[in-house]
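Structure first, then comments.
The values are calculated or read from the model by the stated rules, or taken from the named source; none is laboratory data. Every value quoted in this text rests on a predicted model; they were computed, and no experiment measured them. Every residue, glycine among them, receives a Cβ derived from its backbone with ideal geometry; neighbour counts consider all protein chains shown. Remember, those area values only see protein heavy atoms, side chains included, never the ligands or the DNA or RNA. Shrake-Rupley method; radii C 1.70, N 1.55, O 1.52, S 1.80 Å.
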Amino acid sequence: FSLTEMFSVTEILVTLVLNFFHPCKQWYQRRVRGLVTRNLGPLVKEEDFVVASEYLVTVVVVVPRLSYKEWEGSYWKLADFVVPGSSKRILEDGEQGLYTVTMFRKTLEAFKNNARERKFVVRDFTYSKEKIEQSKNEIQNLQKAKVKAYVPLIRWLKGNFSEAFVNWIHVKALRLFTESVLRYGLPATFMTAVLEPNKKAEKKLREKLHSVYGNLDKSAVEGPEMGDIPGVYMTGDYYPYVYFDINTNFVDSAREF
């Protein structure tokens with residue numbers, strides 16, 4: 001495999017895994033978000049609702065914690081034909097609570113509008129045992145499909161990581177050589193080294209390198225703007241010696257991803 005072909009195959013496999021990862025992530029986020037947007041299926045029970053009624057409907061309302069008393073003392077007044085005594089708090093989450101309330105279907109829109117004015121959020125939710133079970137099965141199937149796609153990706157990465165890493169270091173070496181020639185000119189009589197200091201010694205090492213090689217480029221000592229250095233393609237801090245960072249902490253990088 002060429003480097004380009006390797007990246008292409010890896011990209012295809014990663015895309016395949018992400019196609020299953022993103023729906024799983026969205027499903028999880030719907031479960032842990034606030035009650036205004038959270039998936040209500042796992043939170044409610046069938047006995048909390050009036051089901052299969054032609055005239056009555058049970059709705060779910062998100063009420064701020066500070067407004068519990070206001071809700072409990074006025075919910076049946078928000079519209080006509082709201083059943084008194086039908087409201088029940090079924091869940092508390094942080095600064096919000098989840099209530100159910102039963103009313104005649106014909107008054108539902110008026111109830112929603114009046115509740116909105118009081119900062120009560122009526123969720124667009126209809127209890128369906130079949131849909132709740134379907135949602136549970138959906139995430140299980142997605143998890144299985146993700147694992148199935150994940151296995152060939154890991155197998156491919158394990159088999160090709162060393163070659164990709166060697167090519168990556170080769171690119172770093174080419175950049176180092178090119179930058180050195182641009183800065184110091186020909187002939188190429190400079191030395192290349194790989195240093196791996198522990199974190200506590202980084203500052204001390206930087207000071208030592210500066211004292212030894214500071215004479216190579218006085219502008220680095222004076223701290224110029226990057227635009228004042230012709231022919232130099234560098235990002236971040238500028239030093240009198242050519243410097244590139246090689247981050248091999250792939251575990252933390254993967255967690256950030």
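Matching residues to (1) in contact with a Leu (Cβ under 7 Å, 6 or more places away or on another chain); (2) modelled with pLDDT of 85 or more:
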| position | (1), (2) |
| --- | --- |
| 140 | no, no |
| 143 | no, no |
| 156 | yes, no |
| 164 | no, no |
| 170 | no, yes |
| 174 | no, yes |
| 177 | no, yes |
| 181 | no, yes |
| 184 | no, no |
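Of the set (1) aliphatic (A, V, I, L, M); (2) touching a residue at least 40 places away in the same chain (Cβ under 8 Å); (3) closer than 30 Å to residue 35 by Cα, all apply to residue 110 but (2). Select from the stretch 126-157 the residues that are β-branched (Val, Ile, Thr) and open to solvent by less than 100 Å² (accessible area, probe 1.4 Å) and write down the one among them that is farthest from residue 52 (Cα to Cα). The selected residue is 154.
For the stretch 70-94, give me each residue that is part of a loop (DSSP other than H, G, I, E, B) and in contact (Cβ under 8 Å) with a residue 40 or more places away in the chain. Within the stretch 70-94, 78, 94 meet the criteria. Among (1) modelled with pLDDT under 95; (2) assigned to a helix (DSSP H, G or I); (3) not basic (Lys, Arg), where does residue 111 come up short? The failed condition is (1).
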